[in-house]
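Below you'll find the structure, written out as structure tokens, and then a few comments.
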Amino acid sequence: MSIEIRNVSRRFGAFTALADINLDIASCELVSLLGPSGSGKTTLLRIIAGLESADTGHVLLDGVDATRLPVRERQVGFVFQHYALFRHMTVFKNIAFGLSVRPRRTRPSKAAIREKVMELLKLVQLDGLEGRYPSQLSGGQRQRVALARALAIDPKVLLLDEPFGALDAKVRLELRRWLRELHERLHITSVFVTHDQDEALEVADRVVVMKQAQIEQIGTPEEVYDHPGSAFVHEFLGKSNTLSLAVADGRASVGNFNIIAPLTNDPLAAYVRPHHVDLFRVRNGTPVIPVRVKHVNAAGAVARLELIRTDNGEAFSAEIPREQHAELGLVAGDEAFAKVNRVKIFPPV
Ligand code: ATP
């Protein structure tokens, strides 16, 4: 089922939670709504679900205006971080719930419900646990039961709000990979809210970056990461350094990097990811940024060096392969030279 959001706005008193949102989600797509706390992600998800109403605008499901359609007629399944399971019901009953409360006319037979629940238990890899109560499950298992419960009604749209937010890092990592695989098998149009950029980049077909009630950028994970449209997106989607530009003769530069585009009167800054900074012991001809090493942390896959520009005192960081770090042998207090690559120029946030 496709989802179209047309000019949707929502205010809570004087506070604007969503300001004229437009978004198209294709059938079978897995889209992630990513943004800082309070950017409006949950409000948008709740409006798609029918749990919240929009002040203005429309939601179209498969091209049909669903703006006034009640929740139960939208065929959506939810998994929310705090959408707790029914504690007094077994796993079986929790999963069966959506089917067993249907009016008699549309309710499947007991045998059909049982078959469906067993099939879902297998899908979420919890077969054999149908007799347990939620308190007898781990956090990761509970969220898988919540997903099975959401899938029981054969939803046309699956809405997930920080489904793994309360789980520890390792379980979170496992579950997001598993969710991606599940999506590839089921192909249900899915919208996934998160404020964790790694989660969004790993799970989603497309990422919708939100900021202060608006959509800042939409794209595939590669597009938003490699081609951020603003300083906000550059900073939100990974590690980011901000460096000021040196302006001379109407041209701006940061070390080896010159800006070709004409300069406007608006302030601009250079943004570069730490792993796009190269370090050298000696100045090697091209313009470079002279630095002093402030701190080195070589624990992990890469060595991270905190640097201070000796030309203007700005702090930034570089991440270089461990082998290169071993060759360079830089320690705190050393002087070195930095080259920056893949620099992006934006008005500062
Ligand atoms: P988080 O990641 O913290 O959940 P979010 O991006 O999902 O944030 P929303 O939950 O959509 O943000 O909330 C957007 C803003 O609207 C927040 O500032 C929130 O306080 C406000 N808000 C949401 N629901 C209500 C409500 N029922 N009444 C008043 N304000 C609300």
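Some observations on this one:
To keep it simple, each residue is scored yes or no on (1) in a strand (DSSP E or B); (2) modelled with pLDDT of 95 or more.
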residue: Lys294; (1), (2): yes, yes
residue: Ala299; (1), (2): no, no
residue: Leu307; (1), (2): yes, yes
residue: Asp311; (1), (2): no, no
residue: Ala318; (1), (2): yes, yes
residue: Gly333; (1), (2): no, yes
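- Among the residues of the stretch 153-174, some residue qualifies, meaning at least one is among the basic types (Lys, Arg) and within 16 Å of the ligand (Cβ to nearest atom).
- Selection status of Arg6, buried (at least 21 other Cβ atoms within 10 Å of the Cβ) and either in contact (Cβ under 8 Å) with a residue 24 or more places away in the chain or within 9 Å of the ligand (Cβ to nearest atom) (or both): no
- Summed over the stretch 153-204, residues that are surrounded by 21 or more Cβ atoms within 10 Å (Cβ to Cβ) and acidic (Asp, Glu) total 2.
- Restricted to the stretch 101-123, and to residues there that are hydrophobic (A, V, I, L, M, F, W, C) and surrounded by 13 or more Cβ atoms within 10 Å (Cβ to Cβ), the residue that is nearest to Leu151 (Cα to Cα) is Leu120.
- Residue that is surrounded by fewer than 16 Cβ atoms within 10 Å (Cβ to Cβ) and farther than 19 Å from Val31 by Cβ, where the choices are Asp226, Asp249: Asp249
- When the test is whether a residue is open to solvent by 60 Å² or more (accessible area, probe 1.4 Å), touching a residue at least 60 places away in the same chain (Cβ under 8 Å) and of a type in the set (A, V, I, L, M, F, W, C), Ile218 passes it.
- Qualifying residue in the stretch 300-320 (condition: small (Gly, Ala, Ser) and in contact (Cβ under 8 Å) with a residue 40 or more places away in the chain): yes
- The set of residues in the stretch 60-86 that are within 13 Å of the ligand (Cβ to nearest atom) and acidic (Asp, Glu) is empty.
- Selected residue (criterion: nearest to Arg72 (Cα to Cα)) from residues of the stretch 84-98 that are at pLDDT below 90 and surrounded by 12 or more Cβ atoms within 10 Å (Cβ to Cβ): Gly98
- Residue count for the stretch 62-83, restricted to those that are open to solvent by less than 50 Å² (accessible area, probe 1.4 Å) and at positive phi: 1.
- Inter-residue pairs, beta-carbon under 6 Å, first touching a residue at least 12 places away in the same chain (Cβ under 8 Å) and in the stretch 178-190, second small (Gly, Ala, Ser) and in a helix (DSSP H, G or I), 6+ apart: none
- Output for the stretch 3-42, where each listed residue is closer than 21 Å to Pro221 by Cβ, among the polar types (S, T, N, Q) and in a loop (DSSP other than H, G, I, E, B): Ser27, Ser39
- For the stretch 18-59, a residue qualifies if it is of a type in the set (D, E, K, R), open to solvent by 60 Å² or more (accessible area, probe 1.4 Å) and either more than 8 Å from the ligand (Cβ to nearest atom) or touching a strand residue (DSSP E or B) at 6+ places or on another chain (Cβ under 6 Å) (or both), and the qualifying residues are Asp20, Asp24, Asp55.
- Filtered residue count, the stretch 126-166, keeping only those that are in contact (Cβ under 8 Å) with a residue 24 or more places away in the chain and over 25 Å from the mean Cα position of the chain (by Cα): 12
- Residues of the stretch 306-337 satisfying the condition of being open to solvent by less than 20 Å² (accessible area, probe 1.4 Å) and under 31 Å from the mean Cα position of the chain (by Cα): Leu307, Phe316, Ser317, Ala318, Ile320
The values are calculated or read from the model by the stated rules, or taken from the named source; none is laboratory data. In this text the structure is predicted, and so the values were computed from the model without any measurement. Glycine gets a Cβ as well: all are built from the backbone with ideal geometry, and neighbour counts include every protein chain shown. We work out accessible area using only protein heavy atoms, side chains counted, and drop any ligands, DNA or RNA first. Shrake-Rupley method; radii C 1.70, N 1.55, O 1.52, S 1.80 Å.
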